[in-house]
Amino acid sequence: MPQTDSPPPYLAGSVLVLVGPTGVGKTQLALALARRMPVEIVNADSRQVYRYMDIGTAKPTVAQRAAVPHHLFDIRDPDRVLTVAEYQVLAVRAIEGTLAKGRVPVLTGGTPLYVRSIVHNLRFPRVVPDPALRMRLEGDLKRQGAEGLFQRLAELDPQTAATTDPHNGRRIIRALEIFLKTGKSKRHLEGTRPPVWPLYILGLTCPRLQLHQRVDARLDTMMAEGLCAETRGLLERKYDLTLPALQALGYRSLIQHLQGKISLSEAIQQAKRRTHRYIRHQYTGFRRLEEAVWFDVSCRALDDLAAQIAVSWPAGSSLDAWETGRASAAGRSNGA
């Protein structure tokens with residue numbers, strides 16, 4: 001393959017998107033790419049945007065972030081909620097800035113809606129928040145919990161409820177706010193548009209049991225690294241416990257333990273079960289990325305995959321031609 005000091009047009013104008021469930025190896029692949037290509041990593045994880053939550057969200061380490069430019073990590077305190085619409089603006093800005101430098105943006109993360117806001121160039125409802133209505137709904141959230149408020153959303157707007165996390169109180173409130181202000185489903189007011197740049201979407205997967213074992217072991221490692229102390233630090237900052245950031249995997253269960261509601265062992269097992277459920281939720285969301293090419297990491301080393309991407313990318317090779325180690329859609333939904 002001919003070598004050049006300047007990136008060819010295909011490289012300069014395209015975005016690589018890495019998706020997959022939590023714990024599958026997206027960060028490792030992005031960092032392996034950074035050793036071979038002029039990349040910058042753009043976060044698409046809705047919890048890694050928040051400060052003071054390093055261990056439990058599995059953020060790249062300080063050393064890793066120093067080795068390659070990272071964007072949209074640690075940009076908000078946990079009590080400053082980042083909406084998907086706000087994220088979209090910031091991510092577009094980061095991607096455009098990376099492209100302007102002739103480098104490759106690698107959008108990577110496990111939050112399906114964040115990823116789709118870029119891949120499908122989502123249009124969001126322009127409904128101005130109603131402070132009085134929101135205050136009432138937040139009061140309902142505290143009294144009824146997210147599950148109770150979700151039931152109301154399911155009755156009023158089942159179309160939106162079908163794609164809303166029943167544990168995400170803030171997102172439930174926003175969906176109710178839009179319906180109660182307009183009388184229309186949030187899904188009806190949303191839409192997709194053509195992507196801004198050429199996108200190459202790579203999905204990572206592995207058999208479901210193996211993935212569960214990986215995330216269980218990772219949580220045990222997080223506990224050894226101080227996740228409980230990190231959670232205690234969030235409580236000491238007196239944040240509202242209904243904030244989306246504090247509903248993050250691991251933290252929610254450990255908060256219950258620190259409040260004396262459950263034992264530490266119960267909190268750990270509960271966090272593992274919730275992570276398994278969240279993986280199912282992620283796969284459901286990623287099924288909408290019909291353009292994605294999926295690779296089974298249980299039969300393909302991430303370093304080898306990074307090497308192939310680095311070799312193929314400047315030449316404009318289609319990801320569809322990379323058959324070795326590719327996971328079929330059936331394998332992804334049944335075995336992974």
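The values are calculated or read from the model by the stated rules, or taken from the named source; none is laboratory data. Every value quoted in this text rests on a predicted model; they were computed, and no experiment measured them. FYI the Cβ positions are ideal-geometry reconstructions off the backbone, even for glycines, and counts take in every protein chain you see. Note: areas computed on protein heavy atoms with side chains; ligands, DNA, RNA excluded. Shrake-Rupley method; radii C 1.70, N 1.55, O 1.52, S 1.80 Å.
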Item checked: the range 47-89 - percent relative contact order, Cα under 8 Å, separation 6 or more -> 49 percent
Notebook entry, point to check: What is the helix-to-structure angle for 131-156, meaning the angle in degrees between its Cα long axis and the longest Cα principal axis of the chain, kept from 0 to 90 and rounded to the nearest 10?
Noted result: 80 degrees
Notebook entry, point to check: Which residue, GLY56, GLY102, GLY191, has the most motion in a Gaussian network model of the chain that connects Cα atoms within less than 10 Å?
Noted result: GLY191
Checklist line | For LYS261, solvent-accessible area (1.4 Å; no DNA, RNA or ligand), Å² | finding: 140 Å²
Margin query: Starting from the 7 Å offset along Cα-to-Cβ, what nm value, one decimal, do you get for the label separation of GLU225 and ARG35?
Written below: 1.8 nm
Item checked: Accessible-area ranking of MET135, MET37, largest first, probe 1.4 Å -> MET135, MET37
Checklist line | ARG134 accessible area, 1.4 Å probe, all protein chains in place, Å² to nearest 10 | finding: 70 Å²
Checklist line | Fully extended contour minus Cα-Cα distance, from VAL89 to SER263, at 0.36 nm per residue | finding: 58.5 nm
Next item on the list: Give the cross-link partners of LYS181 among the lysines, using a straight C-alpha distance below 25 Å as the criterion and excluding same-chain residues fewer than 8 apart.
Entry: LYS142
Notebook entry, point to check: Mean separation of Cα pairs under 8 Å and 6+ residues apart, divided by the residue count of the chain: what relative contact order is that in percent?
Noted result: 27 percent
Item checked: Angle in degrees between helix 227-236 and the longest Cα principal axis of the chain, rounded to the nearest 10 -> 50 degrees
Margin query: If I stretch the segment between LYS142 and ARG193 completely, what's the gain in nm (0.36 nm per residue apart, minus their alpha carbon distance), one decimal?
Written below: 14.7 nm
Notebook entry, point to check: Nearest 10 degrees, 0 to 90: what angle lies between the long axis of helix 302-312 and the longest principal axis of the chain (Cα atoms)?
Noted result: 50 degrees
Notebook entry, point to check: Of the GluC sites (Glu not before Pro) in the range 217-292, which ones lie in a loop per DSSP and count no more than 15 other C-beta atoms within 10 Å?
Noted result: GLU290, GLU291
